[in-house]
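Chemist: One structure coming up, written as structure tokens, with questions to follow.
None of the figures in this text is laboratory data; all of them are computed from the coordinates on show. The structure presented is a predicted model; accordingly, all values stated were derived computationally and were not measured. In this analysis, Cβ positions are derived from the backbone assuming ideal geometry, glycine residues included, and neighbour counts consider all displayed protein chains.
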Amino acid sequence: MFAAVRWGVLGVAKIATKKVIPAMQRSPLTPVRAIASRNLAKAQAAAAELGIPKAYGSYEELLADPDVDAIYNPLPNHLHVPWSIRAMESGKHVLCEKPIALSVEETRQLIAVRDRTGMCAAEAFMVRVHPQWIRAREVIHSGRIGQLRAAYAHFSYFNNDPANIRNIPQWGGGGLMDIGCYPIHVSRFVFGEEPVRAIGVMEHRRAARRR
């Protein structure tokens with residue numbers, strides 16, 4: 001018999017309110033007890049819409065809640081490490097959206113805090129636990145389709161706003177961190193090893209000149 005893990009959510013990101021929280025609420029083992037935002041009204045609105053018992057106007061208040069066992073961190077990329085560290089230091093396990101860190105050094109910081117606190121920290125890549133992908137890797141490693149030599153991935157969306165947080169390098173923006181990490185992660189998972197060579201192609205379309 002598994003024990004339920006009581007969750008708190010940092011922020012009201014769309015991925016949390018539209019996808020992850022509703023999915024968690026479908027299981028009795030993952031009740032969502034609280035949600036926090038730096039804007040209390042936003043937290044209260046999300047809590048009311050999703051039926052979450054508690055809403056906080058700061059992340060610190062949520063981390064201090066004794067009724068929360070684990071934190072889901074869907075904050076902007078540059079806030080993943082700082083708030084995941086604070087969560088673990090508050091005695092909370094962490095499920096952090098990708099990318100869990102922006103550098104090797106940041107990853108080492110997380111590992112050090114994990115080891116010191118005894119808390120768990122995981123990156124929210126569903127590939128590692130989804131039965132479909134686990135089976136795909138099993139088939140590939142069985143040799144049924146021959147030797148896997150290369151992987152090709154195409155993953156994109158339109159976003160040409162320089163002010164959008166996903167396009168600001170110092171905040172963890174850019175193609176690799178936002179969605180490029182998916183094909184990179186999947187290829188490593190399926191192959192079971194590091195890539196020998198990687199190629200990236202960017203198509204840059206300039207506005208048509210007026211004659």
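Chemist: Once you have the Cα-Cα distance between Asp67 and Ile168, take 0.36 nm times their residue separation minus that, and quote the gain in nm to one decimal.
Modeler: 32.8 nm
Chemist: Of Ala41, His93, His130, which is farthest along the charge dipole of the range 1-136 in the positive direction, counting Lys and Arg as +1 and Asp and Glu as -1 at C-beta?
Modeler: Towards the positive end, the residue furthest out is His130.
Chemist: I would also like to ask the following. log₁₀ I(q)/I(0) of the range 144-191 at q = 0.24, 0.27 Å⁻¹, via Debye over equal Cα point scatterers, no solvent, to two decimals?
Modeler: Cα-only, vacuum Debye calculation for the range 144-191: -0.89, -1.01.
Chemist: Another question, if that's okay. Want the number for Ala3 to Ala150: 0.36 nm per residue separation, take away the alpha-carbon distance, what's left?
Modeler: Value of the extension gain: 48.8 nm.
Chemist: Taking the number of other C-beta atoms within 10 Å as the exposure measure, put Leu176, Leu10 in order starting with the fewest.
Modeler: Sorted ascending by nearby Cβ count, the order is Leu176, Leu10.
Chemist: Now, a different point. Along the range 10-25, what does the Karplus equation 6.51 cos²θ - 1.76 cosθ + 1.60 (θ = phi - 60°) give for ³J(HN,Hα), rounded to whole Hz, x for Gly and Pro?
Modeler: 8, x, 10, 4, 4, 4, 6, 6, 9, 10, 6, 4, x, 5, 4, 6
Chemist: How large is the charge dipole for the chain, taken about the Cα centre, if only the Cβ atoms of Lys, Arg (+1) and Asp, Glu (-1) carry charge, to the nearest 20 debye?
Modeler: 960
Chemist: Assuming R0 = 25 Å, what is the FRET efficiency of Leu176 and Ile15, from their Cβ-Cβ distance, to the nearest 0.05?
Modeler: 0.85
Chemist: To continue, here is another question. Hey, can you rank 24-37, 188-201 by average C-beta count inside 10 Å, highest first?
Modeler: 24-37, 188-201
Chemist: Let me ask something else. So for the range 64-211, averaging the separation of alpha carbon pairs under 8 Å that are six or more residues apart and normalising by length, what relative contact order in percent results?
Modeler: Taking the mean separation of contacting Cα pairs over the length of the range 64-211, I get 20 percent.
Chemist: Among Pro183, Ile199, Gln25, whose Cα sits farthest toward the positive end of the charge dipole of the chain (+1 at Cβ of Lys/Arg, -1 at Cβ of Asp/Glu, about the Cα centre)?
Modeler: Ranked along the dipole, the leading option is Ile199.
Chemist: Test of understanding: ordering Ile134, Ile71, Ile85, Ile179 by Cβ neighbours within 10 Å, fewest first, what list do you get?
Modeler: Ile134, Ile179, Ile85, Ile71
Chemist: Still on this model: Return the distance in nm (one decimal) between the two label points of a simple spin-label model at Ser58 and His141, each offset 7 Å from Cα along Cα→Cβ.
Modeler: Calculated label separation equals 4.7 nm.
Chemist: What relative contact order, as a whole-number percentage, does the range 1-145 give when Cα pairs under 8 Å and 6 or more residues apart are counted?
Modeler: 19
Chemist: For a Förster distance of 30 Å, can you work out the FRET efficiency between the beta-carbons of Tyr157 and Val196, rounded to the nearest 0.05?
Modeler: Calculated transfer efficiency: 0.55.
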